[in-house]
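> Mind looking over this structure? Questions follow.
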Amino acid sequence: MRERAGSLTFSFGLFALDLDFWDPNRTASWAEYELDLMGQPVVRFHCLAADGFGADSYSWYPSLFLRVDYVRQCLDLVVEVDGDWSIEATFPLEELHETLIDAELNEAEPEKVFMLLLGAARPRLAASPLSSADIARLDALAIMGPGVEEEVVRRGCWECAAG
């Protein structure tokens, strides 16, 4: 957990992220949870991804978000590329209403909210524990910046992601 500009940001260690629209293989990711200025939960994923089409290297990109929108009563899966963002998918929030009220009041456990948001975004987005086979497969890639094993040492693994 760390504090940023008066709000708390909770960081989750590395886990395997399965995105139905990104890559057929699971990738390593870590996430940050915080409330935006309107008290809406936002999760920013830092994913290991190719540096572009036809690129032969990979980097850590903070370009994927789960964002609660209280006005529209939905959860958006947002992709940001070079400052432009688009909503990849939208999910209803009916079952999360009470927990989101607690989140808005900053009275909900970040891990509980994170797990509920991941559950609402299924099957477009799924998280599971990062295995040693995942780490070896991904570290065999040409990674610009810290490798997966280095990030595991820095951030640890988030073992609760099996939901």
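> Could you list, in sequence order, all residues of the range 48-88 that are part of a strand (DSSP E or B) and in contact (Cβ under 8 Å) with a residue 40 or more places away in the chain?
Leu48, Tyr58, Ser59, Trp60, Leu64, Leu66, Val68, Leu75, Leu77, Glu88
> Okay, next question. Run down Phe45, Phe65, Phe91 and say which single residue is modelled with pLDDT of 85 or more, in contact with a strand residue (DSSP E or B) (Cβ under 9 Å, 6 or more places away or on another chain), within 21 Å of Pro146 (Cα to Cα) and surrounded by 14 or more Cβ atoms within 10 Å (Cβ to Cβ).
Values: Phe65 fails: within 21 Å of Pro146 (Cα to Cα); Phe91 fails: within 21 Å of Pro146 (Cα to Cα).
The match here is Phe45.
> Mind counting the residues in the range 1-41 that are touching a strand residue (DSSP E or B) at 6+ places or on another chain (Cβ under 7 Å), at pLDDT 85 or above and over 18 Å from Trp60 (Cβ atoms)?
Of the residues in the range 1-41, 6 are touching a strand residue (DSSP E or B) at 6+ places or on another chain (Cβ under 7 Å), at pLDDT 85 or above and over 18 Å from Trp60 (Cβ atoms).
> Ok, one more. Working carefully through the options Leu96, Leu100, find the one that is touching a Pro at 6+ places or on another chain (Cβ under 9 Å), more than 16 Å from Asp18 (Cβ to Cβ) and in a helix (DSSP H, G or I). Steps first, please.
Working: Leu96 fails: touching a Pro at 6+ places or on another chain (Cβ under 9 Å).
Only one candidate qualifies: Leu100.
> Sticking with this structure for a sec: Tell me, yes or no, whether the range 121-129 has at least one residue that is in contact (Cβ under 8 Å) with a residue 24 or more places away in the chain, over 19 Å from Leu77 (Cβ atoms) and surrounded by fewer than 15 Cβ atoms within 10 Å (Cβ to Cβ).
yes
> Just to be sure I understand the filter: pairs with C-beta atoms under 7 Å, separated by 6 or more residues or on different chains, first member in the range 7-33 and buried (at least 22 other Cβ atoms within 10 Å of the Cβ), second member in a loop (DSSP other than H, G, I, E, B) and aromatic (Phe, Trp, Tyr). Which pairs pass?
Short answer, once both residue conditions are applied: Phe12/Trp158; Leu14/Trp158; Phe15/Trp158.
> OK, next. Return a yes/no flag: does the range 150-157 have any residue that is surrounded by 14 or more Cβ atoms within 10 Å (Cβ to Cβ), under 30 Å from Arg72 (Cα atoms), out of contact with any helix residue (DSSP H, G or I) (no Cβ under 7 Å at 6 or more places or on another chain) and in contact (Cβ under 8 Å) with a residue 60 or more places away in the chain. Explain how you work it out, then say what you get.
Kept after step one, since they are surrounded by 14 or more Cβ atoms within 10 Å (Cβ to Cβ), are these residues of the range 150-157: 151-152, 155, 157.
Now narrow it down to the ones that are under 30 Å from Arg72 (Cα atoms): none.
The answer is no; no qualifying residue exists.
The values are calculated or read from the model by the stated rules, or taken from the named source; none is laboratory data. It should be emphasised that the depicted structure is a prediction, and the values quoted were computed from it without experimental measurement. In this analysis, Cβ positions are derived from the backbone assuming ideal geometry, glycine residues included, and neighbour counts consider all displayed protein chains.
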